[in-house]
Amino acid sequence: MHELSITQSIVDAVCERAAGRPVYAVQVRVGMLTAVVADSLRFCFDLVAEGTVAEGARLEIDRPPGAGHCRSCGGDVAPTDLVLLCPCGSADVAVTSGQELQIISMKVG
Ligand SMILES: [Zn+2]
């Protein structure tokens, strides 16, 4: 359940920026390769946000797909899970997308 600690960080940052104003929506970018489950994130967000200015805020999760570049054959890899393996058999893949975990925007009152 590392989603809980991630969500705590998100809510902390959101509340700090909101500076006492009510938060209506929070948009986060969570790459497909972060091993974060969107549903768990949503569940934890509601839990953690309770009693804060972010309570009841809508959590929008943007999930960019993973992308990588194989250092062995130079090919582009589109990893769909955490196993970064190039079709050529090499695991020497540099991830170029999909590991994002950031707050993109928020709407405050
Ligand atoms: Zn390769």
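Being among the aliphatic types (A, V, I, L, M) and at negative phi is a property that holds for Ala57. Within the stretch 54-80, restricting attention to residues that are touching a residue at least 40 places away in the same chain (Cβ under 8 Å) and in a loop (DSSP other than H, G, I, E, B), the residue that is nearest to the ligand (Cβ to nearest atom) is Pro79.
For the condition away from the ligand (no atom under 16 Å from the Cβ), out of contact with any Lys or Arg (no Cβ under 9 Å at 6 or more places or on another chain), under 22 Å from Ser5 (Cβ atoms) and hydroxyl-bearing (Ser, Thr, Tyr), what is the one hit in Ser97, Ser40? Walk me through it before giving the result.
Details: Ser97 fails: under 22 Å from Ser5 (Cβ atoms).
After applying the criteria, what remains is Ser40.
Within the stretch 85-109, the set of residues being in contact (Cβ under 8 Å) with a residue 24 or more places away in the chain, surrounded by 14 or more Cβ atoms within 10 Å (Cβ to Cβ) and either among the polar types (S, T, N, Q) or in a loop (DSSP other than H, G, I, E, B) (or both) comprises Ser97, Gly98, Gln99, Glu100.
Applying the set (1) surrounded by 16 or more Cβ atoms within 10 Å (Cβ to Cβ); (2) within 20 Å of Val108 (Cα to Cα); (3) without any contact (Cβ under 8 Å) to a residue 60 or more places away in the chain to Val14 leaves exactly one unmet item: (3). Here the condition is being modelled with pLDDT under 95 and over 14 Å from Ile103 (Cβ atoms); of Gly74, Gly31, Gly56, Gly89, it holds for Gly89 alone. So in the stretch 28-39, with the set limited to residues that are surrounded by 15 or more Cβ atoms within 10 Å (Cβ to Cβ) and touching a Leu at 6+ places or on another chain (Cβ under 8 Å), which one is nearest to Gly109 (Cα to Cα)? My answer is Val28.
The values are calculated or read from the model by the stated rules, or taken from the named source; none is laboratory data. All values reported here derive from a predicted model rather than from experimental measurement. Cβ coordinates were reconstructed from backbone atoms using ideal geometry, including for glycine residues, and neighbour counts include every protein chain displayed.
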